[in-house]
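Below is one structure. I have some questions about it.
The values are calculated or read from the model by the stated rules, or taken from the named source; none is laboratory data. A quick note: this is a predicted structure, and the numbers were derived from the prediction, not measured. Using ideal geometry, Cβ is built from the backbone for each residue, glycine included, and neighbour counts are taken over all protein chains shown. Areas reflect the complete protein model, heavy atoms only, side chains present, ligands, DNA and RNA absent. Shrake-Rupley method; radii C 1.70, N 1.55, O 1.52, S 1.80 Å.
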Amino acid sequence: MTAAFPVDDYTPHGYLDVPGHTRRLTPRGVLRSHDVGFRWHYPALGTGYGGRRETYRAGLRIAVDGALALADFTGTRSPYHSKNLMEVVARHPAGTVTARFHLVGEDVLAARVTGRAGWRLTVRADYRRQVSADLGWGESGLVGRRTGTGLVLQGFEDGEVFVLWTAPAAAGGPEPVAAVTGSAADAADWVTGGVPADTDDRVTVLGGTGQTVELSGLVEYPAGDHDLTVLLARGRTEREARDRLDRARADLPVAYAAHVADDDRFWTTAPRLGGDWPDHWRRGLVYDLETLRMMVKRPVGVYTRQWDAMQVQAPRVVLGEAAIDALLLGWADPATAQRMLLGTFVDALAPNVPCSREDGTLNMVSADGSACGTGPQWGYPWLVVQRLYDRRPDRDWLDALYPHLSAYLDWWAAHRTDADGWLVHACSWESGQDLSPRFGDQPLGGGHPTHHLRPVDLHAAVAHAAATMAGFAGLLGRERDVPGWRALAAEHADRVALLWTGRRYADMDARTGAGTEVDDVMLWAPLTLGLAGAEQADAVRPAVRAVDPDTLVWPMFAWTAIDAAGAVGEWDTAAATAGAIVDRAYRFWDARTHDEGRTLPGIACEYWPLSGRCGGEGYGWGAFGVHLVLGVLAGIRVTGDRLAVRPNLPADLRVPGRRYDVRLTCSGRPVPVSLRPTDDGVHVEVDGRGTDLAWGEEATWPLT
């Protein structure tokens, strides 16, 4: 397919990207794997972050000698697993079948199926619909029929139409057998109007409002070797579906070549792991990076630039998540990451970047009527901007972003400061920690007003942001701004110091003037952001050392805890914590079987609980393993024309004789990094130049 994509033994589960899918203006649904095949879930997957009732599921599957479910085959794997193309290899007693799936446009699912069948190979199209799921215009059921140019599955009296077309690569072979079958929740509801329910040419399935009805179209080929092209086209009408099918037949080679070229462009410069990294880590990094590629959306509606979807099911713009997605994507494609983050600010509906959708609607309005966006501590946007600039020093980008960053901080000073000058959140949603006990009782839910709380992490983030802005101002020739930023940084650093109790940092309740008793990992933000002194580091160190990785199931908590551990010199704790989280997440992503009680493997999900029920499928910040592997464990940091490495592998990987390779691209050229554990530390090579280090010790190499 492509020399650039890292071919491997991936899980057969995953998603294909539907780039134009949005929540409101252009809902296209999501394409999720289903046995040896894929199906649309429209308007999104009806569990997790999709959150809405599914109108329909429709797709195609390949069956061989009666084996349809993955468990029916003797083995399945995916050697190629990108957002654009997915290849599934399925073994069975008579041989092996390979199916390669991709989209042509956004409404035609294509498959190239090759291999041997012992007695039959079946191409199966399934259409499952909930009658009148949107409570709109009446629907009655589904009708399927066999025609001379394919199988047609459609809704009646309303509903989308799917047309299945198959063709062998070589003419002259035996003709396939086509049929349609159907079912409803109540068998007595099958059909009417004098249309037989089980004729060869047509099947009609009738259902009442809210009932689920199903049709399947089957095209069966006899025993032998096969090379088939399969297309499943959808449309609002049969004519539209057939027109799309005809265009797809003509465009198929071009569409496939475009997908390969897109993968080539990305993977030519994207990081990858080699050597003795655990196999599921090596593949896990690929699942994460492919998930992040899906987050980049093209302009639509009020978004005039590339924007961050946050997650694939119901895309929306949230600053905290956009910042983390940009941080992670920046390892592979820093230019796109920078454009995406700039677009988040430029297209925002207000300076505080309120959470919004592509049609201009807001989706995080608090109970007091405030249009909220995440605060400056959620996603550490200023830390991200600094890292992206270090990775790709683009002054024009920073100069374009600077006034928006300034306006954001000005907005917080004007709208989220209490009478005594302390910063507050309008509600816990705005903090990013929905319904956190830090904010006390919240009878109105996450939108309940929380103006009484003076949060540690909020003040630390603004102090850090202002200090960072002072550096940006000097860099951009805006010297007049520097004193003001430094003064703001000092003011909030002083407030952070006032939130130190002598034992720990504590939020202040303005109603009592005292610190709260609720402890939380986000209270370590002053350590993470470089605002804590030796006294604070010494006092907090035991708590940092005792952190349980199993409790760190969300990216922000993991980031804060791990960086705080490094800040107090607890490098072994940082390594153990990051390693445990990566191992847990990547075992989920790389699983070979899928339990319906868990989220689907093959794609990053919202968070990483021990249960494997990881929230929304296809969630950008769930790919935080990219940062943990490259930035924490390999310890790589690129700053302009220099590359620093602070190797800090977990203890179980520090095995002398092993070698852990990372392939990076810096300033347009490949830069290999290699870590080789020794008896008393680690030998690090960058671009062929090596040195010996202790674990947690840093060295720097010029990138010239």
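Would you mind computing, in nm to one decimal, how far apart the modelled labels at Ala510 and Arg120 are, each placed 7 Å from Cα along Cα→Cβ?
Rounded to a tenth, the inter-label distance reads 7.2 nm.
If R0 is 41 Å, what FRET efficiency do you get for Ala169 and Leu610 from their C-beta distance, rounded to 0.05?
0.30
Moving on to the next point. Using a basic spin-label model with each label point 7 Å from the Cα along Cα→Cβ, how many nm lie between Glu157 and Glu698?
7.1
If you don't mind, another one. Could you report the chain's accessible area per residue, 1.4 Å probe, as an integer in Å²?
In whole numbers, the chain has 37 Å² accessible per residue.
Sticking with this structure for a sec: Using only the heavy atoms of the protein chains and a 1.4 Å probe, how would Val456, Val655 rank by accessible area, largest first?
Final ranking, largest accessible area leading: Val655, Val456.
Among residues other than Asp107 whose Cβ falls under 9 Å from its Cβ, what is the net charge (Lys/Arg +1, Asp/Glu -1)?
My count for the surroundings of Asp107 gives +1.
Also: Using the crude model of +1 on Lys and Arg Cβ and -1 on Asp and Glu Cβ, and no other charge, please compute the dipole size for the stretch 531-613 relative to its Cα centre, in debye to 20.
Rounded to the nearest 20 debye, it is 220 debye.
When ranked by the protection proxy of mean other Cβ atoms within 10 Å per residue, highest first, what sequence do the peptides 614-623, 489-498, 339-348 form?
Averaged packing, sorted descending, gives the order 614-623, 339-348, 489-498.
Kindly identify the stretch 380-471 as rounded, prolate or oblate by the Cα gyration tensor criterion: order the square roots of the eigenvalues as a ≥ b ≥ c, call it rounded if a/c is under 1.5, otherwise compare a/b with b/c, prolate if a/b is larger, else oblate.
Judged from the Cα gyration tensor, the stretch 380-471 comes out prolate (a/c at least 1.5, a/b above b/c).
Here's something else I'd like to know. Rounded to the nearest percent, how much of the accessible area of the chain (1.4 Å probe, protein heavy atoms only) is carbon and sulfur?
That fraction is 50 percent.
Continuing with the same structure: Round to the nearest 10 and report in Å² the accessible area of Asp692, as given by a 1.4 Å probe over the protein chains' heavy atoms.
Near enough 110 Å² of accessible area.
Work through the residues other than Pro656 whose Cβ is under 9 Å from its Cβ and net out their charges, Lys, Arg +1 and Asp, Glu -1.
Around Pro656, the surrounding residues sum to +2.
Can you list, bin by bin at 5 Å, the percent of alpha carbon pairs in the stretch 495-628, starting at 0?
Bin by bin from 0 Å, the calculated values are 2, 10, 20, 18, 15, 12, 10, 7, 4, 2, 0.
Compute the FRET efficiency between Val346 and Ala261 as 1/(1 + (r/R0)^6), taking r as their Cβ-Cβ distance and R0 = 35 Å, and round to the nearest 0.05.
0.75
Follow-up question, since we're still on this one. When Lys and Arg each count +1 and Asp and Glu each count -1, what net charge do the other residues less than 15 Å away from Pro6, Cβ to Cβ, add up to?
After counting each charged neighbour, the total is -2.
Can you pull out the trypsin sites (Lys or Arg not before Pro) in the stretch 1-76 that DSSP calls coil and that have at most 14 other Cβ atoms within 10 Å?
Those that pass, being in a loop and sparsely packed, are Arg53.
Further, regarding this structure: Length gain on complete extension for the stretch Asn363 to Arg545, per 0.36 nm per residue less the alpha carbon to alpha carbon distance?
Between Asn363 and Arg545, full extension yields 61.7 nm more.
Using the Karplus curve 6.51 cos²θ - 1.76 cosθ + 1.60 with θ = phi - 60°, what ³J(HN,Hα) values do you get for each residue of the stretch 377-392, in whole Hz, with x for Gly and Pro?
Whole-Hz 3J(HN,Hα) from phi for the stretch 377-392: 8, 8, x, 6, x, 6, 5, 5, 4, 4, 5, 5, 5, 4, 5, 8.
Would you please give the residues with an amide H less than 5 Å from that of Thr147, counting only those at least 5 places away or on a separate chain, with H modeled from the backbone geometry?
Hits under the 5 Å cutoff: Val152.
For a Förster distance of 60 Å, can you work out the FRET efficiency between the beta-carbons of Arg642 and His452, rounded to the nearest 0.05?
Result of the calculation: an efficiency of 0.85.
At what distance in nm do the modelled label points of Ala223 and Leu475 sit from each other, each positioned 7 Å from its Cα along Cα→Cβ?
6.9
To continue, here is another question. Want the number for Arg663 to Asp399: 0.36 nm per residue separation, take away the alpha-carbon distance, what's left?
Separation in residues times 0.36 nm, less the Cα-Cα distance, equals 92.0 nm.
Output ³J(HN,Hα) for the stretch 74-82: one whole-Hz value per residue in order, computed from phi by the Karplus curve 6.51 cos²θ - 1.76 cosθ + 1.60 with θ = phi - 60°, and x for Gly and Pro.
Computed from phi, the couplings for the stretch 74-82 are 7, x, 9, 7, 10, x, 10, 8, 10 Hz.
While we're on this one: In whole Å, how far is the Cα centre of the stretch 116-172 from that of the stretch 500-526?
Using only Cα atoms, the two centres lie 60 Å from each other.
Counting only protein chains, not ligands or nucleic acids, how are Met508, Met556 ordered by accessible area (probe 1.4 Å), most first?
Result of the area sort, largest leading: Met508, Met556.
Also, I was wondering about something else. Take the alpha-carbon centre of the stretch 1-36, take the same for the stretch 74-89, and report the distance between them in whole Å.
Using only Cα atoms, the two centres lie 11 Å from each other.
OK, next. In sequence order, what are the phi-derived ³J(HN,Hα) couplings for the stretch 16-30 according to the Karplus relation 6.51 cos²θ - 1.76 cosθ + 1.60 with θ = phi - 60°, rounded to whole Hz, with x for glycine and proline?
Listing the rounded values in order: 9, 6, 10, x, x, 5, 9, 6, 10, 7, 9, x, 10, x, 10 Hz.
What is the Cα centroid distance between the stretch 386-432 and the stretch 646-704, reported in whole angstrom?
35
So, one more: Please list, by residue number, every one of the trypsin sites (Lys or Arg not before Pro) in the stretch 615-700 that is coil in DSSP and has at most 15 other beta-carbon atoms within 10 Å.
Passing both the DSSP loop test and the Cβ count: Arg658, Arg659.
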